[in-house]
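The values are calculated or read from the model by the stated rules, or taken from the named source; none is laboratory data. Values in this document were obtained by computation on a predicted structure and should not be read as measured data. Using ideal geometry, Cβ is built from the backbone for each residue, glycine included, and neighbour counts are taken over all protein chains shown. We work out accessible area using only protein heavy atoms, side chains counted, and drop any ligands, DNA or RNA first. Shrake-Rupley method; radii C 1.70, N 1.55, O 1.52, S 1.80 Å.
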Amino acid sequence: MSASNPQTVLEVSGLKTHFHTQDGTVHAVNGVSFDLHQGELLAVVGESGSGKSVTMMSLLRLIPMPPGEIVGGTAEFADEDLLQLPPEELRKVRGGQIGFIFQDPMTSLNPVLTIGRQITEPLLLHTDLDKNGAKERATELLDMVGIPDAKARLKAYPHELSGGMRQRVMIAIALACSPEIIIADEPTTALDVTIQAQIVGIVKDLRERLDTAVIWITHDLGVVAGLADRVLVMYGGRIVEEAPVRDLYATPLHPYTQGLLASLPRLDQKGQELVSIPGQPPSMYAEPSACSFAPRCPHAFDRCFSEVPDLVEVRPGHRSACFWDVENERPRA
Amino acid sequence: MTDLTETPASRTDTEVIVSVRNLKKHFPIMGGLFRRQVSAVRAVDGVSFDIHRGETLGLVGESGCGKSTTGRVLLQLDDATSGSVFFEDQDLTTLSTGAMRRVRPRAQMIFQDPHASLNPRMTVASIIGEPLREHTKMGPVERRDRIDELLSIVGLDPSHANRYPHEFSGGQRQRIGIARAIALNPDFIVCDEPIAALDVSIQAQVVNLLEELQESLGLTYLFISHDLSMVRHIADRVAVMYLGHIVELTDVESLYDNPKHPYTEALLSAVPVPDPRAEDIRKRVILEGDLPSPSNPPPGCVFNTRCPIAEQRCSSEVPEWREIRPAHWVACHFAE
């Protein structure tokens, strides 16, 4: 999947998104840059308010504007800047070349339309298929995501399906037009673990068959470990660490990532002590002028409180936004 | 029941503080022309277990398995349909409201959602002070001191006592809920998914606080959670629920290292581990299908519709709740 010379399908640079609220401006995304390679699964990990969802929503301008505003940045996809596309062009991308899977299939599926209608909708909109062709393709898609008796299910309404089945339908809709990218926003968070395992299994299986790049937004470092090729860790509206999945877990470089991994209990280990990260997540009202993790960081020194660290490559493919050199336990030059 | 000559350590092993016997909670489904009961959701359908003084009993299972209902019926927040809940030697299901009121200070609850369980119009001081006003004869000054003390115990600044819940973060709000729960020096606390609504970096803070309080105040917990990794960390013994039944109950080590019920095995194997190398070599038991409806549970063993090893007898014969090894209970025909 992550070939030696991977082709970049999406290049995001300097993305900034603000929300103008009564209480002030929320600096949700503060300069996010990353590449997405063809066919890879890129996990975006962070806690609530870290900006992971807003970043991805901003790319397709799915945030409510106002109060939201994309203040700056570019997102290059198929030789065009998504952020500058006129609305009718953007509609062709949404649900066509870029598919979306949302967290809660109960609120993102339309309760009064049949499953069949909702899967065929993007097909009729974005492809040349006629009604019958779309129906056939819809049956094929439901089959692909492991829904038994697919043809009959086309006539079902969302409430007639279980949570796991609904999420399969969401995946089928996202896959409908053979997109180049699928953005999945916490797709298994609302599901029980045994159902989550089913969905993760389906996604793994589909990735082997299709060459779709997936951006998987989650707060669950467990799911990421078994699924992702590469991981972005977000904190305070910025990417603080970026690494291939094995490197991230084996040698996390950012103190936030280290803290997060240390605070996780593990099913396969006993008697470990949980090291909690002290303090609270940052307030997003102020424009960041320092490392937003510094107040909670065990290694913070004066520079961390006066300057925003850039994301720099420490090892091949492994980047960290931190002034502290965790390996040599000294400030980075 | 309490032998004062025993040491705390040995009491942990023996003395039972809560004893649940064949507890059932069915929620009626009304229907038809005269809104009569046509059926029932069998949320809890005959569970029995003991909780020992000083221990943490984990109660795990997926949504809809009846774990939260069990916790609520235990504290009589919902009436039991049948069965009994002994707290020390009193059967709580038979107590009058007044008598139950006298038990309440000793058995408290911490709720899942600190947004919904704290009254947004009350200050922190009045939220924590409420149980003190209701159940003690403390004067205003004494009460204020106790509130300050409780706030410091749970790691909050006593000078914030006059603030409202919305001024606190999720983790801090859960600390307020904990302060309220320990205000009356309880013996027993039902923790109902106390960390499920919190961010990962805050979960460890709250769990560590619960562990410290257990140590310093000698608390007994029923820790209800769907987070099997956290339960492994915090619990001494664990009960696994499926569709209103407890299918396995044993000490934490045996359960995680050597599960005997096929559901426990599948559940544990489905939990992802935050380590790519471990994930690569793990074997998953993927369960087919979905949870049956608790209003129409399958006959025989409740798990038979999804069980990878089910045979004919499983769909007709209810498995016996057996002690297959000392203190290892399983409800499966094939566990040995």
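Summary of values
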item: Solvent exposure, largest accessible area first (probe 1.4 Å, DNA, RNA and ligands not counted), of B:Asp89, B:Asp257; result: B:Asp89, B:Asp257
item: Distant-in-sequence amide H partners of A:Val214 (H built 1.01 Å from N, under 5 Å); result: A:Glu40, A:Leu41, A:Leu42, A:Ile182
item: Heavy atoms of A:Phe102 accessible to a 1.4 Å probe, total area in Å² rounded to 10; result: 70
item: Shape call, the stretch B:181-266: gyration tensor on alpha carbons, a/c limit 1.5; result: prolate
item: Mean-position separation - Cα centroids, the stretch A:151-192 and the stretch A:23-101, in angstrom; result: 21
item: Derived scalar couplings ³J(HN,Hα) [the stretch B:74-82; Karplus, 6.51 cos²θ - 1.76 cosθ + 1.60; whole Hz; x for Gly, Pro]; result: 3, 8, 6, 6, 10, 6, 6, 6, 7
item: Alpha carbon convex hull of the stretch B:244-336, volume per residue in cubic angstrom; result: 113
item: Listed residues A:Thr194, A:Thr127, A:Thr74, most fluctuating in chain A (Gaussian network, C-alpha, under 10 Å); result: A:Thr194
item: Rg/Rh (Cα only; Kirkwood hydrodynamic radius) as it applies to chain A; result: 0.98
item: Shielded residues, the stretch A:227-273 - accessible-area loss of 30 Å² or more between chain alone and all protein chains, probe 1.4 Å; result: A:Arg246, A:Tyr249, A:Ser263, A:Leu264, A:Pro265, A:Arg266, A:Leu267, A:Asp268, A:Lys270
item: Lys/Arg +1, Asp/Glu -1 at C-beta; chain A dipole; positive extreme among A:Pro66, A:Val203, A:Ala138; result: A:Ala138
item: Acute angle (nearest 10 degrees) that the helix A:163-175 long axis makes with the longest principal axis of chain A, alpha-carbon atoms; result: 90
item: Estimated distance in nm for a label pair at A:Gln269 and A:Ser289, the labels positioned 7 Å out from Cα along Cα-to-Cβ; result: 4.0
item: Interface residues, the stretch B:150-170 - accessible area loss of 20 Å² or more versus chain alone, probe 1.4 Å; result: B:Ser169
item: 51 Å tail of the calculated P(r), the protein assembly as shown, as % of Cα pairs; result: 14
item: C-alpha long axis of helix A:193-209 to longest principal axis of chain A, angle in °; result: 80
item: Phi-based couplings in Hz for the stretch B:29-41 (Karplus 6.51, -1.76, 1.60; Gly and Pro marked x); result: 10, 8, x, x, 4, 9, 6, 7, 6, 9, 6, 8, 7
item: Nearest 10 degrees, 0 to 90: helix B:200-217 Cα axis against chain B principal axis; result: 70
item: Antiparallel bridge percentage (DSSP; both residues within chain A; nearest 5); result: 65
item: Beta bridges by DSSP in the protein assembly as shown, antiparallel share as percent, to the nearest 5; result: 65
item: Within the protein assembly as shown, helix-based [θ] at 222 nm, where runs of 4 or more DSSP H residues each add -39,500 (n - 2.57), nearest 500; result: -9000 deg cm²/dmol
item: With every protein chain in place, the stretch A:59-177: carbon and sulfur % of accessible area (1.4 Å); result: 51
item: Accessible surface of B:Asp113 - all protein chains present, 1.4 Å probe, nearest 10 Å²; result: 60
item: Gain in span if fully extended, A:Gln97 to A:Phe301, counting 0.36 nm per residue against the direct Cα distance; result: 68.9 nm
item: Rounded percent of accessible protein surface that carbon and sulfur make up, chain B, 1.4 Å probe; result: 49
item: Against the rule of thumb 2.2 N^0.38 Å, how large the Cα Rg of chain B comes out; result: 1.05
item: For A:Arg238, residues with placed amide H under 5 Å, excluding near neighbours; result: A:Asn30
item: Residue order for A:Tyr249, A:Tyr157 - accessible surface, 1.4 angstrom probe, largest first; result: A:Tyr157, A:Tyr249
item: Label zone at A:Glu140 (point 7 Å along Cα-to-Cβ), backbone N below 12 Å, the stretch A:164-199; result: A:176-178
item: Chain pair A, B: total accessible area buried, heavy atoms, 1.4 Å probe, Å²; result: 3500
item: Local net charge near B:Glu336, Cβ-Cβ under 15 Å (Lys/Arg +1, Asp/Glu -1); result: -2
item: Note, ³J(HN,Hα) from phi for the stretch B:44-56, Karplus 6.51, -1.76, 1.60, rounded to Hz, x at Gly and Pro; result: 10, 10, x, 10, 9, 6, 10, 10, 8, 4, x, 9, 10
item: Surface accessible to a 1.4 Å probe, per residue, for the residues of the protein assembly as shown, Å²; result: 44
item: Alpha carbon centroid spacing (whole Å) that separates the stretch B:117-163 from the stretch B:260-336; result: 45
item: Computed E for A:Ser13/B:Asp157 - FRET, C-beta separation, R0 41 angstrom, nearest 0.05; result: 0.45
item: Nonlocal amide H pairs with B:Thr81, under 5 Å, H built at 1.01 Å; result: B:Lys24, B:Lys25, B:His26
item: With DNA, RNA and ligands ignored, accessible area of B:Arg35 (1.4 Å probe; Å², nearest 10); result: 150
item: Length added when fully stretched, B:Phe34-B:Glu323, from 0.36 nm per residue minus Cα-Cα; result: 99.5 nm
item: Computed lengthening from B:Arg313 to B:Arg282, 0.36 nm per intervening residue step minus Cα-Cα distance; result: 8.1 nm
item: Alpha carbon Rg of the stretch B:129-243, scaled by the compact-globule rule 2.2 N^0.38 Å; result: 1.13
item: Distance histogram for the stretch A:104-176 (every C-alpha pair counted, 5 angstrom bins, percent rounded to whole numbers); result: 3, 20, 34, 26, 13, 4, 0
item: Accessible area, probe 1.4 Å, largest first, for residues A:Trp216, A:Trp324, B:Trp329; result: B:Trp329, A:Trp324, A:Trp216
item: Protein accessible area in the stretch A:233-315, 1.4 Å probe - carbon and sulfur %; result: 53
